[in-house]
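S.K.: Sharing a structure here in structure tokens format.
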Amino acid sequence: MKILQIHNRYRQRGGEDVAVEQERALLASRHEVIAWEKENEVELESLWARIRLLVSTHDSQRSRREMAQRLSDRPVDLVHVHNTFPLFTPGVLEVAREKGIPAVMSLHNYRLIHPNGLLFHEGKIDERSVNGSAWRTVPDGVYRDSILQTAVVAHLIEHHRKKKTWQRVPDLFIVLTEFAKQKLAEGGIPEQKMVVKPNFTEDPFNGPLSGHPKPGDRGVKPPVFLYVGRMSREKGVEDVIETWLRHRPQAVLRLIGEGPQKSDLQERSKNNPEIEWAGRLPHEEVLREMARSRALLFSSRCYEGFPMTLVEAFASGCPVIATDIGSQGEIVNEGETGLKVPVSDPDAIAERAGQLIRNPELARRMGETARRIYERNYTPGENLRQLEAIYEEAVRRSRSSI
């Protein structure tokens, strides 16, 4: 197939950008992939461009014209959209439909039903726009702490709800978990058009962990617990820090990543020698850290999509202590691939970490199970099989609607 892959890159590179790049490389092994990407930093340099964006985020005639021109100059068999916000707009899907080209759209977050895409605000879950109007979130400025910017995205959501855009396009939505499918359906995305396909990752034991015993040596002393991710409020990193400050587990806490909370948390924890700040590390080094850690601490307070960190932990044979909400609560199986804790509960994190400190054999068994789950569900080969089946179904639906 000849596939046009569309993606609006994020200002700060994150897991979604990584997933898009990996999927593109995966598809390129068997298909021709044409990447069309936009970057906010480049496209929105001028004041006029930013003003124009405020009135066109919901539907841009410019992006429609560009889409029509691209499809005329270089016809494709299928369009796969990852992120249209804010520069592409859903108009690209309308153009694909007008030209009879099958289209799928991956929903990596909840942007179609909530202005900030997280269903999260001021430290807690925010579902006001799921069963109600997105305009309800505007006074709180849930998107970038801005009433104006939140209003722009709320208008986008309600405009397409009113037009019933998502009932018409695309032919299929790809969602990452059953939890996400349920929540998006509550917010008005047609359930019958959603199919579940998780993210994937390359096998680290064919790369950075080559020669490392599978699923990893949990005998490192003192045991190491690992946090990998953005140092921000919604990720719950302060709950992990509080665990080590309050309970002083007999283990090292190593934190990898950057973010707005890092300097404050470093200052709070500067007198605790068991807390180590590694900063941003190369991807291969992160995988090595996972392979030697007793467990990954996934403390997110929000509904995640399908975090690459969890897939990589499973691939590395590393069990996970995760908050029991959203997709992460679905991905991690209690007592099999990891342990679960309530949101924002340092005492529970300490109790679960203590279990694995006292019982390294339990950590080893869960790491082995996590590795088997990876081999069954999250390898590149399995993901390509699922993706090609989704494309075939999208083609069938597109033809039947003509």
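The values are calculated or read from the model by the stated rules, or taken from the named source; none is laboratory data. Keep in mind that what you see is a predicted model, and the values were worked out from it rather than measured. Here the Cβ positions follow ideal geometry from the backbone for every residue, glycine too, while neighbour counts run over all protein chains shown. We work out accessible area using only protein heavy atoms, side chains counted, and drop any ligands, DNA or RNA first. Shrake-Rupley method; radii C 1.70, N 1.55, O 1.52, S 1.80 Å.
S.K.: State, in angstrom, two size descriptors of the chain derived from its alpha carbons: Rg to one decimal place and Dmax to the nearest whole number.
M.R.: Expressed in Å, the Cα Rg and Dmax of the chain come to 21.7, 67.
S.K.: Follow-up. Which whole-number percent of Cα pairs in segment 320-402 have a distance greater than 15 Å? Present the calculation step by step, with values, prior to reporting the outcome.
M.R.: Details: 2299 of 3403 pairs.
Distances greater than 15 Å cover 68 percent of the Cα pairs.
S.K.: In degrees, nearest 10, range 0 to 90: what is the angle between the Cα axis of helix 61-73 and the longest Cα principal axis of the chain?
M.R.: 80 degrees
S.K.: With point charges of +1 on the Cβ of Lys and Arg and -1 on the Cβ of Asp and Glu, referenced to the Cα centre of segment 335-402, which listed residue (A353, Y391, A370) lies farthest in the positive direction of the dipole?
M.R.: Result: Y391.
S.K.: Restricted to Cα positions, what overall size does segment 137-283 have along the principal axes? Three whole-Å values, descending.
M.R.: For segment 137-283, the Cα spread along each principal axis is 59, 41, 26 Å.
S.K.: Where the centre of each part is set by its Cα atoms, how far does segment 159-204 sit from segment 339-363, in angstrom?
M.R.: Here the two parts' Cα centres lie 33 Å apart.
S.K.: Continuing with this model, one more query. Between S72, L184, L87, whose Cα lies farthest towards the positive end of the dipole of segment 61-206 when Lys and Arg beta carbons carry +1 and Asp and Glu beta carbons carry -1, centred on the Cα centre?
M.R.: Working it through, the farthest residue towards the positive pole turns out to be S72.
S.K.: Shifting gears a bit: Could you work out how far helix 283-292 tilts from the main Cα principal axis of the chain, as a 0 to 90 degree angle to the nearest 10?
M.R.: It works out to around 40 degrees.
S.K.: To continue, here is another question. Among the listed pairs K162/K235; K124/K270; K162/K193; K270/K340; K235/K270, give every one whose C-alpha distance is greater than 25 Å.
M.R.: On the way: K162/K235 33 Å; K124/K270 28 Å; K162/K193 18 Å; K270/K340 28 Å; K235/K270 21 Å.
Distance filter (> 25 Å) returns K162/K235; K124/K270; K270/K340.
S.K.: Turning to a different aspect of this structure: Answer with one residue from I256, P222, G279: the one whose Cα lies farthest towards the positive end of the charge dipole of segment 202-303, charges on Cβ with Lys, Arg +1 and Asp, Glu -1.
M.R.: Of the listed residues, the answer is P222.
S.K.: Please determine, in degrees from 0 to 90 and to the nearest 10, the orientation of helix 15-28 with respect to the longest principal axis defined by the Cα atoms of the chain, where the helix direction is its Cα long axis.
M.R.: Roughly 70 degrees, rounded to the nearest 10.
S.K.: Roughly how big is segment 307-402's charge dipole about its Cα centre, with Cβ charges of +1 (Lys, Arg) and -1 (Asp, Glu), in debye to the nearest 20? If you can, show how the numbers build up before the last one.
M.R.: Working: 12 positive and 15 negative charges, 63 e Å.
In total the dipole reaches around 300 debye.
S.K.: Based on the alpha carbon coordinates of segment 158-200, what radius of gyration and maximum Cα-Cα distance (Dmax) apply, in Å?
M.R.: Rg, Dmax (Cα atoms, Å): 10.7, 35.
S.K.: Can you pull the semi-axes for segment 73-222, root of five times each eigenvalue of the Cα gyration tensor, sorted largest first, whole Å?
M.R.: On the way: eigenvalues 215, 120, 40 Å².
The equivalent ellipsoid of segment 73-222 has semi-axes of 33, 24, 14 Å.
S.K.: If you roll a 1.4 Å probe over segment 243-402 with all protein chains in place, what percent of the accessible area is carbon or sulfur?
M.R.: Numbers: 2990 of 6640 Å².
Of the solvent-accessible surface of segment 243-402, carbon and sulfur hold 45 percent.
S.K.: Counting heavy atoms of the protein chains only and a 1.4 Å probe, report the per residue accessible area for segment 268-402 as a whole number of Å².
M.R.: Details: 5430 Å² over 135 residues.
Accessible area per residue: 40 Å².
S.K.: Most mobile of R365, R376, R230 per a Gaussian network model of the chain (Cα springs, under 10 Å)?
M.R.: Highest fluctuation among the options: R376.
S.K.: Could I ask something else about it? Given the convex hull of the Cα atoms of segment 88-135, what is a quarter of its surface area in nm²? Mind showing how you got there, number by number?
M.R.: Numbers: hull surface 17.9 nm².
So the mean shadow area of the Cα hull is 4.5 nm².
S.K.: Turning to a different aspect of this structure: Relative contact order of the chain, please, whole-number percent, based on alpha carbon pairs below 8 angstrom and at least 6 residues apart. Display every interim value, and only then the final one.
M.R.: Numbers: 743 pairs, mean separation 60.2, N = 402.
Relative CO of the chain lands at 15 percent.
S.K.: For segment 244-402, max minus min Cα coordinate along each principal axis, in Å, sorted largest first?
M.R.: 67, 36, 30
S.K.: Also, I was wondering about something else. Given +1 on the Cβ of Lys and Arg, -1 on the Cβ of Asp and Glu, and no further charges, what dipole in debye does the chain carry about its Cα centre, rounded to the nearest 20? Don't skip to the end; give the middle numbers.
M.R.: Numbers: 59 positive and 57 negative charges, 129 e Å.
For the chain, the charge dipole is close to 620 debye.
S.K.: Would you kindly state how much longer the chain becomes between R30 and A68 on full extension, computed as 0.36 nm times their sequence separation minus their alpha carbon distance, in nm to one decimal? Mind dumping the intermediate values first?
M.R.: Values: separation 38, 0.36 × 38 = 13.68 nm, distance 2.59 nm.
Taking R30 through A68 to full extension adds about 11.1 nm, to one decimal.
S.K.: Let me ask something additional. Under the rule of at least 5 residues apart or a separate chain, name every residue whose amide H is placed under 5 Å from the amide H of V81.
M.R.: So V81 has HN proximity to I6, V104, M105, S106.
S.K.: Read phi for every residue in segment 336-347 and hand back ³J(HN,Hα) as whole Hz from Karplus 6.51 cos²θ - 1.76 cosθ + 1.60, θ = phi - 60°, with x for Gly and Pro.
M.R.: Whole-Hz 3J(HN,Hα) from phi for segment 336-347: 10, 10, x, 10, 10, 9, x, 5, 6, 10, x, 5.
S.K.: Over segment 126-191, give the accessible area per residue in Å² for a 1.4 Å probe, as an integer.
M.R.: Working: 2830 Å² over 66 residues.
So segment 126-191 comes to 43 Å² accessible per residue, rounded to a whole number.
S.K.: Compute the distance from the alpha-carbon center of segment 65-120 to that of segment 7-32, in whole Å.
M.R.: Cα centroid of segment 65-120 versus Cα centroid of segment 7-32: 15 Å apart.
S.K.: Diagonalise the Cα gyration tensor of segment 224-309 and give the resulting equivalent ellipsoid semi-axes, square root of 5 times each eigenvalue, largest first, whole Å.
M.R.: Details: eigenvalues 66, 50, 32 Å².
Equivalent-ellipsoid dimensions as semi-axes: 18, 16, 13 Å.
S.K.: Of all accessible surface on segment 53-120 at a 1.4 Å probe, what whole percent is carbon and sulfur?
M.R.: Working: 1080 of 2300 Å².
Answer for segment 53-120: carbon and sulfur cover 47 percent of the accessible area.
S.K.: What three numbers, in Å, describe the spread of the alpha carbons of segment 181-239 along their principal axes, ordered from the longest?
M.R.: Largest first, segment 181-239 extends 50, 33, 16 Å along its Cα principal axes.
S.K.: Still on this structure, I have one more. Quick check for me: using +1 on Lys/Arg Cβ and -1 on Asp/Glu Cβ, what's the dipole size of segment 163-236 about its Cα centre, in debye to the nearest 20?
M.R.: Value, rounded to 20: 300 debye.
S.K.: Right, here's the next one. How big is the C-alpha Rg of segment 1-40 next to the rule-of-thumb value 2.2 N^0.38 Å, as a ratio?
M.R.: Numbers: Rg = 10.5 Å, N = 40, 2.2 N^0.38 = 8.9 Å.
It is 1.18.
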